[in-house]
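What follows draws every value from the coordinates through simple rules; no lab data is involved. All figures in this text were calculated on a predicted structure; none of them were measured in a lab. Cβ placement follows ideal geometry from the backbone for every residue including glycine, while neighbour counts extend to all protein chains displayed.
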Amino acid sequence: MESILQFITNNQQIIYIVVLMIFLGIEVIGRVPSVLHTPLMSGANAIHGVVIIGAIIVMGKAEGENYLALILGFLAVLLGTLNVVGGFVVTDRMLEMFKKKK
Amino acid sequence: MDFNNLLTLSYLIGSITFILGLKMLSNPATARKGNLIAAVGMAVAIAGTIFLYKDGEGNSLHNYPWIFGALAIGTLVGFMAAKKVKMTAMPEMVSLFNGMGGACAGLISIIEFGHIVPKLATEDSSAIAGSLITIFLGLIIGSVSFAGSMIAWGKLNGKVKDFSFPGQQIMNTIMLFVMIGIAGYLVVGINESNAYLFYVILAGALLYGILFVLPIGGADMPVVISLLNSFTGVAAACGGFLYDNKVMLTGGILVGAAGTLLTILMCKAMNRSLLNVLIGSFGGNKTAGATAESGAGGATKEISVSDTAMVMAYANRVIIVPGYGLAVAQAQHVCHELEKLLDEKGVEVVYAIHPVAGRMPGHMNVLLAEADVSYDKLLEMEQVNDLFKTTDAVLILGANDVVNPAAKNDPASPIYGMPILEVEHAKTVIVNKRSMKPGYAGIENALFFQPKTSMLFGDAKGVLQQLVAEIKSL
């Protein structure tokens, strides 16, 4: 019990962020019309590509002779980039179709 | 200026644009700008990381050639793939990109675990317990998301068939608990001799992802992709914990929460619960539904293209109900041509869009918009259902389950309770299908056997082209 309380105190900033972000995430898309479900999913898909930042950090820290870490890191950055770039471009293409005709 | 503060600022910008972007994405008027804003924020956060990041000892990142190489290849391939993909294949593309994100999270965990192993001999295990928990979470969630997305991708493009065996759900649940159990055991008592169990978890998570998605029917893939999407969000947030990185944390949790809600909203649009989608897949009650429905069967009536042209050209109002058949046949352009032609003849033409017509919510809107169909001709279900009563002819193009009256009047049907387009109120219903094969839910459609319904068999594009030619010559 003591250690759990200690953990919460030590990480309270992060815990606050997590809790607030959960509510914000739900609130922000709460009233989306069903027409936009697919583009919204695709947009959210691109946003979680933020995981690429972790991949860049891992890659940038890898020692030059640790080839396994270099190759895996390279792959991680590559896949993360695909997620980000592909995600945003696909979403844009979907939404391009929604523009009203003049 | 202290570069570290600048990095914090770039992350702050990233987080704010993600929130703004999601907010704007849920409104048709601002959606495109929202996507762009989030993309700019992402670029700022990525650039900040590359050039400004310092580790605990104040060292900058190195291996720049590797980083830029991967970024360049990823950008090129991602851009080309996203630009080239056909409108009908968008859903599977999203699934594929989602899988890439999951794999990225999994790989981060694998590399970070590799950094921890050499320290095991010297360090006390309790000191690294926190990192281990996030590493395992990122590994399991990321791998499940990756494997699941790949299966979903395969299902949507028809390469992977539905597959289930008795007791699969129970086995999946057991597998999940075993993985969590092993992870828990390692967190408490990891040492050099049991570190290999990490790879057992990896293999287990990949297998779990495959078995999790395999039994779920293709029609439910959008829901599954949305769910896996929120999984990947959580996996990204795990990376945020690991590096104490706020932009990964906020972005990941935001997508995790929004994605979960979106999944539930999608289920609601089909009037089903998430649990029902995940375990009570259509396959289970397919036979029951089919036999119960076949009693209502009987003979169908066929109609020729020229008769159809006649009916439509002399109608006051025609409502077109597009479905997956239209998407597969790539018939949206010729469909628009038909609409314009009828319009010139003074026939009012509108489209009835069911929220889950096609393979994804919004699929039909996107498709028809591609063919330049005006936005205000696309009516949503609530608007159009009252209109059917005063409509002369309904043309159904490759839609099936969304117009199945069983959803309203047959409690035994697996789609019972799903809101449908009430086309049977119109004077004439013409159904274009390739064959009498049932739709994605795998059930018969009593609508086809009703006296006012006529069947117009053939590929949507071919039939529409003939129809256009016929109407022109009238």
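Here are a few things to note about the model shown:
- Helix-only [θ]222 nm of chain B, DSSP H runs n ≥ 4, -39500 (n - 2.57) each, per residue, nearest 500: -19500 deg cm²/dmol
- Relative contact order (percent, whole number), the stretch B:39-196, Cα cutoff 8 Å, 6+ residue spacing: 26
- Using R0 = 45 Å, the C-beta based FRET efficiency linking B:Leu197 and B:Ala47 works out to 0.70.
- Aspartates and glutamates whose Cα lies under 19 Å from that of B:Lys408, excluding same-chain neighbours fewer than 8 positions away: B:Glu293, B:Glu380, B:Glu382, B:Asp386, B:Glu422, B:Glu424, B:Glu444
- For chain B, size of Cβ-based charge dipole, Lys and Arg +1, Asp and Glu -1, in debye: 480
- Spin-label zone in the stretch B:6-50 - amide nitrogen under 14 Å from a point set 7 Å from the Cα of B:Leu76 along the C-beta vector: none
- A full extension of the chain between B:Tyr64 and B:Lys159 corresponds to an added length of 30.4 nm, given 0.36 nm per residue minus the alpha carbon distance.
- Karplus-based coupling profile of the stretch B:173-188, in residue order and whole Hz: 5, 4, 4, 4, 5, 4, 4, 5, x, 4, 4, x, 4, 5, 4, 6, with θ = phi - 60° in 6.51 cos²θ - 1.76 cosθ + 1.60 and x standing for Gly or Pro.
- Spin-label model distance (nm) - A:Ile71 vs B:Glu380, 7 Å beyond Cα toward Cβ: 5.2
- Rounded to the nearest 500, the 222 nm mean residue ellipticity of chain A from helices alone is -22000 deg cm²/dmol, with -39,500 (n - 2.57) taken per DSSP H run of at least 4 residues.
- Euclidean distance of C-alpha centroids, the stretch B:122-149 and the stretch B:12-78, integer Å: 24
- Length-normalised contact order of chain B in % [C-alpha pairs under 8 Å, at least 6 apart]: 13
- Here the 3J(HN,Hα) profile of the stretch A:81-90, calculated from phi with Karplus coefficients 6.51, -1.76 and 1.60 at θ = phi - 60°, is 4, 4, 4, 5, 5, x, x, 5, 5, 4 Hz, Gly and Pro shown as x.
- Estimated distance in nm for a label pair at B:Ala469 and B:Tyr185, the labels positioned 7 Å out from Cα along Cα-to-Cβ: 7.0
- In straight-distance terms, cross-link reach from B:Lys119 covers every one of the lysines whose alpha-carbon lies under 19 Å from its own, apart from those fewer than eight places away in the same chain; here that gives A:Lys61.
- Between B:Glu57 and B:Lys408, the simple label model (points 7 Å from Cα in the Cβ direction) yields a spacing of 7.3 nm.
- Put simply, the amide H of B:Ile396, placed in the peptide plane, has neighbours under 5 Å in B:Val321, B:Ile430, B:Val431, B:Asn432, leaving out anything fewer than 5 places away on its chain.
- A Förster radius of 30 Å, combined with the Cβ-Cβ distance separating B:Leu9 from B:Lys83, puts the computed FRET efficiency at roughly 0.40.
- Too-long pairs where the Cα-Cα distance tops 27 Å, listed order kept, from B:Lys301/B:Lys437; B:Lys33/B:Lys345; B:Lys268/B:Lys340; B:Lys377/B:Lys461: B:Lys33/B:Lys345; B:Lys268/B:Lys340
- On the basis of the beta-carbon distance and an R0 of 22 Å, B:Lys340 and B:Arg434 show a calculated FRET efficiency of 0.30.
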